[in-house]
Each structure stands twice: as C-alpha cells, then as structure tokens.
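The values are calculated or read from the model by the stated rules, or taken from the named source; none is laboratory data. These numbers were taken from a predicted model, which means no experiment stands behind them. No Cβ is skipped: glycine too gets one built from the backbone with ideal geometry, and neighbour counts run over all protein chains shown.
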Amino acid sequence: MERIFEWLSLFLGGIVGWVVGKFEPAFPLIIIATLFVLYDAWSAYELDKRVHIMYPKKKREQAKFMSYKFRQVIPTLIERFVIIILAYCVERWVFVHIDVPVSYIAAGVVCAEQLLSIAENKASCRLPGDKHARVWKLLAKVLIDKTARHFDVDNSILEEELQHVESSVVEKPKRKAKKQADIEPLDSQDL
C-alpha cells in the first residue's frame, strides 16, 4: 500500500511539474484575472451591505460574508483559468509562425468583463449623502442596476422608492403610499 501511494504521488508530482513548466508564462495573467474576480466578489458583498442599509424593513438577513455565496466564485475562477490557459495554448502551438498575444487578449477580456461587473456593483444602490454619488449616478445611467437581484423584484419599484428618498433629501415632501410594504428605503432623516 505504501508503495502504491509513493508511485501515485510521484506520478501526480510529475504531472504538476509538467503543467507548471509548460504553462508558466500564463500564471501572471491567471493571478491578475483572479484578483479581478475576487474584487468583483468583494464589491458584490459591499453592494449587499448597502442594500441592507437602504432597505432595512425588507425581511432579509443582515449583510454577511457567507461561504456558500463565495462558493459561486470558484466555478467562475476555474472558467477564467481555462480560458486563459486555452488562449495560451492557441498562442503557443497554433499561431506558431505569427506573433499574436492571444493569452494577453483573453486575460484582457476577462479583466474587462470583471471591471464592468465591479462598476455595476459600485453604481447600484448608492446611499443618499454619499460623497461620490454624482460619479456613480452618471455610471448608473449606462450600467445595469443590480439592487433588484437582492430582492427578486422589478427594478421600477425600487427606482420609485429611491426617487422618493432623493426628493425627500432636497425638499422633504409628505410620504407617498407604498406599492410594496416590505421594500421601504430609509428616509433621509434616518441617515
């Protein structure tokens, strides 16, 4: 039994060594893509915290960093690794006679996709009185608002409630009747 384990570990070590030797130039690209994916997960967590602050009366748990939600990041990471490694293989063994940096292009596309998702998370559900609110409001006009994903409701309900909060910051009108009682943003007085 010990002999089988020894041979198996030698075989697996050889495979790992071969993979590291063959794909070593792609590892910096994989690390950069990993950082982008992890920061996207962090910005989604920050969005969840803002949603909890903005809509406290909605029956939901307090924003926490949960491992079962983080597990959803692992398939994303693996998918991005495979894309970059396959692009490196194409660059190295398909485009042999021409110099096309396919792995760099693939890593750039992965990072751009994650950057767009990060910007959507940052622009969604901004709290009134935020010092960077103008910048994020401009971006929110062209990006997808991810706030509704936390409640599984239509964005129009949240937009109406948010306009009410923004108008109460400026002129403090009387409160309107709610269309949906369990989704109620904070008043400007509560901030």
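Could you say whether any residue in region 23-34 is free of Cβ contacts under 8 Å to residues at least 40 places away in the same chain and over 30 Å from N121 (Cβ atoms)? Give the derivation first.
Going residue by residue through region 23-34, those that are free of Cβ contacts under 8 Å to residues at least 40 places away in the same chain are 24, 27-28, 31.
Right, trim to over 30 Å from N121 (Cβ atoms) and you get 24.
Yes, that holds for at least one residue.
Between V90, V169, which is modelled with pLDDT under 55 and either buried (at least 17 other Cβ atoms within 10 Å of the Cβ) or not acidic (D, E) (or both)?
Values: V90 fails: modelled with pLDDT under 55.
Answer to the check: V169.
Here are the criteria: (1) modelled with pLDDT of 90 or more; (2) over 17 Å from S117 (Cβ atoms). Tell me which single one Y68 does not satisfy.
(1)
When residues of region 25-65 are filtered for being at pLDDT below 80, part of a helix (DSSP H, G or I) and of a type in the set (S, T, Y), how many remain?
0
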